[in-house]
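Step one of this worksheet: look at the structure below.
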């Protein structure tokens, strides 16, 4: 049986980084996952066709849009020394869970056939009622706005710049200062001991 060529190929590289908030997190293609204000599934249903602009699902949700009935090849490169059981959640991919992967940012959002989803999928009314009761949004883009206005979206940490930050410079300065003061104290103490010993020796001879 001949293999079918993929209509779309997605390459993801998983890595661990210390981010600019100094917390060790994971990334796919250097983006660490942060849940949007509006769940991606609700955005897809309420806004519709996302194929021309998946970014409305949020920068840090790392959204990937797949066309209806397309063949997709996902290549995952693991840059970490440990083994990770990468997997997909559900058929209509909605990231849901309470575990360290989401906290660490190890997630990627795949939106399947948004041009079809809004016409055939109905969100259970109890879901919407729960959102209403809790004061949570269930329509609009990732920032609960319309269109491509992502002002106020949930944001995550970014990769360190690779250069010294202001905090790093201050920390280094105080570290060096503490080391110098410590060495000076040791030298002063040693000299003081020598003076005391010398004085005691002279007093003994007298």
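Please treat every number below as a calculation from the coordinates, not as lab data. Keep in mind that this is a model prediction, so the values were computed, not measured. Please note: Cβ atoms are built from the backbone with ideal geometry, for glycine as well, and neighbour counts cover all protein chains shown.
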For residue 121, which of the numbered conditions (1) at positive phi; (2) in contact (Cβ under 8 Å) with a residue 60 or more places away in the chain fails to hold? (1)
Within region 29-49, residues in contact with a strand residue (DSSP E or B) (Cβ under 8 Å, 6 or more places away or on another chain) and surrounded by fewer than 22 Cβ atoms within 10 Å (Cβ to Cβ) come out as 29, 30
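For region 144-157, check the following and say yes or no: at least one residue is under 19 Å from residue 59 (Cβ atoms) and in contact with a strand residue (DSSP E or B) (Cβ under 9 Å, 6 or more places away or on another chain). So that I can check it myself, show each step before the final result.
So the first thing to find is which residues in region 144-157 are under 19 Å from residue 59 (Cβ atoms), and the list is 144-157.
Still in the running and in contact with a strand residue (DSSP E or B) (Cβ under 9 Å, 6 or more places away or on another chain): 156-157.
There is at least one residue in region 144-157 that is under 19 Å from residue 59 (Cβ atoms) and in contact with a strand residue (DSSP E or B) (Cβ under 9 Å, 6 or more places away or on another chain).
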